[in-house]
Protein chains: 2
Amino acid sequence: MKALRLNDRLELVSDASVPRRYGESLVAVTAAGICNTDLEIVKGYAGFLGIPGHEFVGVVAESPDASLEGKRVVGEINAGCGLCDLCAAGDPRHCSTRTVLGIKDRDGAFAEFLSLPSRNLIEVPKSITNEQAVFVEPLAAALGIRERVELDANSKIAVIGDGKLAQLIVRALVPSGCQLTMIGKHQEKLDLARGIAAGFILVNDTFIQRSAAGEVTLLNWGEERFDIVIEASGSETGLPLAIEIVKPRGVIVLKSTYHKGTLLYSAKLVVNEISLIGSRCGRFKPAIDLLASGSLDLSALISARFSLDDGLAAFEAARQSASLKVIIDVR
Amino acid sequence: MKALRLNDRLELVSDASVPRRYGESLVAVTAAGICNTDLEIVKGYAGFLGIPGHEFVGVVAESPDASLEGKRVVGEINAGCGLCDLCAAGDPRHCSTRTVLGIKDRDGAFAEFLSLPSRNLIEVPKSITNEQAVFVEPLAAALGIRERVELDANSKIAVIGDGKLAQLIVRALVPSGCQLTMIGKHQEKLDLARGIAAGFILVNDTFIQRSAAGEVTLLNWGEERFDIVIEASGSETGLPLAIEIVKPRGVIVLKSTYHKGTLLYSAKLVVNEISLIGSRCGRFKPAIDLLASGSLDLSALISARFSLDDGLAAFEAARQSASLKVIIDVR
């Protein structure tokens, strides 16, 4: 089958084996989204080799569960052993022997077919388009923040980053009623969140906000400390900034996975008693429910669509700093 | 008055001004302990200049509150503005304009006298010796972990470090009934915690435990992951080790304040959804109660005692890796 395969570099191949794993379902991929983690994987993050891709919608081609065949599905990306305490409790996200679609020991979605355990697959309601369904996985990851930190309408929250994950995070947090600030590097991306989050951009060492009418407001660290800062910039500069702007005993949520290390002055975490909370995958059901509610318009977050044949160009487009979500239409 | 004063280096001086701050109490210092933070301050940590020292017991010499005069006291080290919401709620530890005894904008305890607000002073019960009272501040900091993380008898806890803070931490956690492991570099220090915490030391890339009879057990990372890891080594190598040995969704408590940065691969925190929790000062009351209960024998944790005249030698002794608590007897 055709696929994008990572060996020493990412290549378009036509001789990849159709993945058939005993007892699992075979899914014909319809479309797949490129995530920053995919870009990092191509740079060497996680040491993954094979077919990347973990945000997808597809149709079940073959399954031990005949009732699944022909169903339009998305799939939770962590495939656990099925036996350990975590898996037995229905949450394989931290199973120590898990494989992860397109990330760890399991070929992913930038291919004509992928394989996942049937229990990982969730049917997509008719009201959700394929384009929207590609966002289920990253939207679930955004909603997963709610599993890791308590927040409410009184919470002052800053999201560092203005890219596709940050855009989903602010949208995912709107129902909580919290006060949202987005700190980014691209005015045109901050503008996409206008009305959802107050957007600030770095200009000459100062973070400023430009209103739609062009008026300028400064972000004042001294008074405007945040209860919760969510680091979703995908850059090693995000964490030091988060430490500066979170209040004492505040919480920093780390969402980005990137290859590089950050120089951390941990004494700052001790003195200000800051909590740094890692957050990775979320459950799919809340994301599907939110999309099905029709309250999210994600079309502005799609920068470009490419065919699988043009998959390498899709990656090139996704790497551009102005880019948001790039979708690969497989069939 | 006589004092140890830090300018470009630490010096013994006899011309320091007796500190008199309006509305505060003047305390004649009896004895003061040297903490790792003091050693870091002398290296440049926190940018402090003046008289260091924040672990002390003394006698109130002058006070606007006459009933305090002559009382033997210890003192909470954070002096808040008294006006902000935090101070009004009785907790100045994160007051943004606080001074901190011997650490921030306030001369400290390695001197004949120090000044603190009367509300910071707590009378020491007769059953607590001066030697024990010097431990109230660091023991409070150890007990402060309980404010920042939930633990119980089922919690598997590792403490990284075998120095004076780590020794207090394991002793402070004993009443919770949790299962304690101590990971250090000095067998003779690990032996001080025998019966309290299982002690492991690094030998040829492997952490081993030596029983009193000399039998050796290996610490197996794979299976022996910890619910909570407390980093109290005072070294930048502690955090990377903590990340390796904490279980997914586990908690790392950071206690050490040191001058250097650590290279953090934050993706590990994200993928394993680890929480990193900073913890600094605790309240004094629980520490005094624990000392007054008579259940703690801290005498083995005192390496040496020096007079204030020999204060520089005291610092030199505290810097030795075999050293635990060094006390300066002021009068």
- Note on the stretch A:125-170: residues among the polar types (S, T, N, Q) and over 16 Å from the mean Cα position of the chain (by Cα) are A:S127, A:T129, A:N130, A:N154, A:S155
- Note on the structure: The residue that is surrounded by the fewest Cβ atoms within 10 Å (Cβ to Cβ), considering only those in the stretch A:292-326 that are within 23 Å of A:L121 (Cβ to Cβ) and touching a helix residue (DSSP H, G or I) at 6+ places or on another chain (Cβ under 7 Å), is A:L296
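Restricting attention to the stretch A:1-16, which residues are in a loop (DSSP other than H, G, I, E, B) and within 24 Å of the chain's Cα centre (by Cα)?
First, pick out the residues of the stretch A:1-16 that are in a loop (DSSP other than H, G, I, E, B): A:1-2, A:7-9, A:14-16.
Scanning the stretch A:1-16 gives A:N7, A:R9.
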- Scan of the stretch B:197-211 for residues that are at pLDDT 85 or above and either farther than 20 Å from B:K156 by Cβ or among the hydroxyl-bearing types (S, T, Y) (or both), ordered by number: B:R210, B:S211
- Check A:D289 against each of (1) of a type outside the set (K, R); (2) crowded, with 17+ Cβ neighbours inside 10 Å; (3) out of contact with any Gly (no Cβ under 7 Å at 6 or more places or on another chain); (4) modelled with pLDDT of 95 or more and name the one condition it does not meet. (2)
- The residue that is nearest to A:V59 (Cα to Cα), considering only those in the stretch A:107-131 that are surrounded by fewer than 22 Cβ atoms within 10 Å (Cβ to Cβ) and charged (D, E, K, R), is A:E123
- Any chance you could count how many residues in the stretch B:260-282 are surrounded by fewer than 17 Cβ atoms within 10 Å (Cβ to Cβ) and farther than 30 Å from A:S96 by Cβ? 2
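Only one of A:S295, A:S279 is polar (S, T, N, Q) and free of Cβ contacts under 8 Å to residues at least 12 places away in the same chain; which?
A:S295
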- Of (1) part of a loop (DSSP other than H, G, I, E, B); (2) touching a helix residue (DSSP H, G or I) at 6+ places or on another chain (Cβ under 9 Å), A:I183 satisfies every one except (1)
- Qualifying positions in the stretch B:198-209 - of a type in the set (A, V, I, L, M, F, W, C) and surrounded by 15 or more Cβ atoms within 10 Å (Cβ to Cβ): B:A198, B:F200, B:I201, B:F207, B:I208
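I need the full set of residues from the stretch A:152-177 which are among the hydrophobic types (A, V, I, L, M, F, W, C) and surrounded by 22 or more Cβ atoms within 10 Å (Cβ to Cβ), in order please.
Scanning the stretch A:152-177 gives A:I157, A:A158, A:V159, A:I160, A:L165, A:A166, A:L168, A:I169, A:V170, A:A172, A:L173.
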- Could you list, in sequence order, all residues of the stretch B:199-229 that are more than 21 Å from the chain's Cα centre (by Cα), over 21 Å from B:G278 (Cα atoms) and in a strand (DSSP E or B)? B:F200, B:I201, B:L202, B:V203, B:T206, B:F207, B:I208, B:Q209, B:R210, B:V216, B:T217, B:L218
- Scan the stretch B:109-141 residue by residue and report those that are out of contact with any helix residue (DSSP H, G or I) (no Cβ under 6 Å at 6 or more places or on another chain) and in a strand (DSSP E or B). B:A111, B:F113, B:L114, B:S115, B:L116, B:L121, B:E123
- With respect to A:L202, is the statement that it is out of contact with any Lys or Arg (no Cβ under 7 Å at 6 or more places or on another chain), over 26 Å from B:T237 (Cβ atoms) and more than 8 Å from every other protein chain (Cβ to nearest Cβ) true? no
- Message: Anything in the stretch B:142-177 that is of a type in the set (A, V, I, L, M, F, W, C), assigned to a loop (DSSP other than H, G, I, E, B) and without any contact (Cβ under 8 Å) to a residue 60 or more places away in the chain? List them, or say none.
- Response: B:A153
- Please go through the stretch A:89-134 and pick out each residue that is within 14 Å of chain B (Cβ to nearest Cβ) and among the polar types (S, T, N, Q). A:S96, A:T97, A:T99
- Task: Would you mind telling me which numbered condition in (1) within 20 Å of B:N130 (Cβ to Cβ); (2) part of a loop (DSSP other than H, G, I, E, B); (3) in contact with a Phe, Trp or Tyr (Cβ under 7 Å, 6 or more places away or on another chain) B:P19 fails?
- Result: (1)
- Could you look through the stretch A:225-257, keep only residues that are among the basic types (K, R) and within 7 Å of chain B (Cβ to nearest Cβ), and pick out the one that is nearest to A:S176 (Cα to Cα)? A:K255
- Message: When you scan the stretch A:230-243, do you find a residue that is surrounded by fewer than 16 Cβ atoms within 10 Å (Cβ to Cβ) and assigned to a loop (DSSP other than H, G, I, E, B), even just one?
- Response: yes
- Query: Do the conditions hold for B:G50, that is, is it surrounded by fewer than 23 Cβ atoms within 10 Å (Cβ to Cβ) and without any contact (Cβ under 8 Å) to a residue 40 or more places away in the chain?
  - Reply: no
- Message: List the helices (runs of 4 or more DSSP H) inside the stretch B:258-331, counting only whole elements, that have at least 1 residues being more than 14 Å from chain A (Cβ to nearest Cβ).
- Response: B:284-292, B:311-319
- Collect the residues in the stretch A:39-76 that are outside any loop (DSSP other than H, G, I, E, B), on the phi > 0 side of the Ramachandran plot and at pLDDT below 95, keeping them in residue-number order. A:A46, A:G47
- Cross-chain or 6+ apart pairs with Cβ under 6 Å, the stretch B:178-197 first and over 17 Å from B:L143 (Cα atoms) and crowded, with 22+ Cβ neighbours inside 10 Å, then of a type in the set (D, E, K, R) and modelled with pLDDT of 95 or more: B:G184/B:D162; B:K189/B:D162; B:L190/B:D162
- Only one residue in B:V134, B:V149 is closer than 23 Å to B:R249 by Cα, at pLDDT 95 or above and either touching an Asp or Glu at 6+ places or on another chain (Cβ under 8 Å) or crowded, with 17+ Cβ neighbours inside 10 Å (or both). Which one? B:V149
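The values are calculated or read from the model by the stated rules, or taken from the named source; none is laboratory data. Since we're looking at a predicted model, the values are computed, not measured. Cβ sites come from the backbone with ideal geometry, for glycine too, and all protein chains shown count toward neighbours.
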